[in-house]
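Notes follow once the structure below has been shown.
Throughout, read-outs are computed from the coordinates displayed, never taken from laboratory work. Just so it is clear, the model here is predicted, and its values are computed rather than measured. Cβ coordinates were reconstructed from backbone atoms using ideal geometry, including for glycine residues, and neighbour counts include every protein chain displayed.
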Amino acid sequence: MVAGEAGRDASVRGARYRAPVQPTQDLSQVEIRRSRKRVRTVSAWREGDRTIVAIPARFTRAQENEWVRRMLARLAAQERRRRPSDDELASRAADLSARYLGGRVQPTSVRWSSNQGRRWGSCTPSDGTIRISDRVRGMPRWVLDYVLLHELAHLLHAGHGPDFWAELDGYPRTMRARGFLEGYAYAAERGADERGEPEPGDDVPAEEVDDGGLDEPEDVVTDEVADDELADDDEAIGQLEFELDSDRDR
C-alpha cells in the first residue's frame, strides 16, 4: 500500500476503518463500522469530532460509498433542523402551544439568547417574550421542545407549583428531557474525564469490535436497506478482499 493510502487503515474483515476519501467529500473524520449482526439497517451518529457510520458486513465497497454519502446527508439535514432560526423557533413554539397547551399561549417573540447563564431559557410574562439559551441549540429536538414548553407554561404560571407541572403532563418526554439537561449540566461542570466512563470499544481489538454489541446514542440516523441492495455474503466479502488486495499491490 502506498503512503497516500495508509490513512484508510482498513482490514479485510475488521469492523472499523476510515472511509475512502471521495473527491467531493472530506471523510477523514468518518469511521466505518461493519457488523455481521447488522443485516438490513445503516446508522450514522456523531462521537465527538468523528462521524460513525455503521453498515452491514456484507456491503460491497460501492454500497459502502453510496450509503456513507447518503447517511452523511441525512445526518446534516437532521442537525440543520435542530438549529432553527429565530423565526423557526417561534413557529415551533406556536405548534407546541397548540398541541399541548390548547393554544392558550401566544408569545410575542421567541428567540435564541447567548446571555442566559446557567438557565436553559427564560420568559417575561409582562410582555410575552421567550428567550432560549444557545446551549440548547443542537440538542435533540425533543429536548428543545421541552425547554420551549417549559417557558410557554411559565407565561401561564410564574412558579413551579402543581398547576405549572400539570401543564406539562401532556408532553410525553418531560422527565426524559429533564434528565438529559441535568446530565448535560453535570458533565459540563465536572468535565467528561471525571466521569470515568469507558469509551465504546475500550480494551477491544479493532478487528473484533462489532457495533451490534455496542449501544448507539439516541441521537442517531437510521435507514433500512432495500432487498435489491443486499449483496450475496460471499460475493460482498470477496469483492472487499479483492479491492483491499489490489490496494496493497499498488
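Residue exposure proxy: H157, H150, ordered by other Cβ atoms within 10 angstrom of their Cβ from fewest to most, comes out as H157, H150. Of R40, R46, the sequence from fewest to most neighbouring Cβ atoms within 10 angstrom is R40, R46.
Once you have the Cα-Cα distance between A62 and Y184, take 0.36 nm times their residue separation minus that, and quote the gain in nm to one decimal.
Working: separation 122, 0.36 × 122 = 43.92 nm, distance 3.87 nm.
Result for the pair: 40.1 nm of gain on full extension.
With the simple spin-label model, which puts each label point 7 Å out from Cα in the Cβ direction, the R141 to A98 separation comes to 1.6 nm.
Fewest neighbouring Cβ atoms within 10 Å first, the residues H154, H160 line up as H160, H154.
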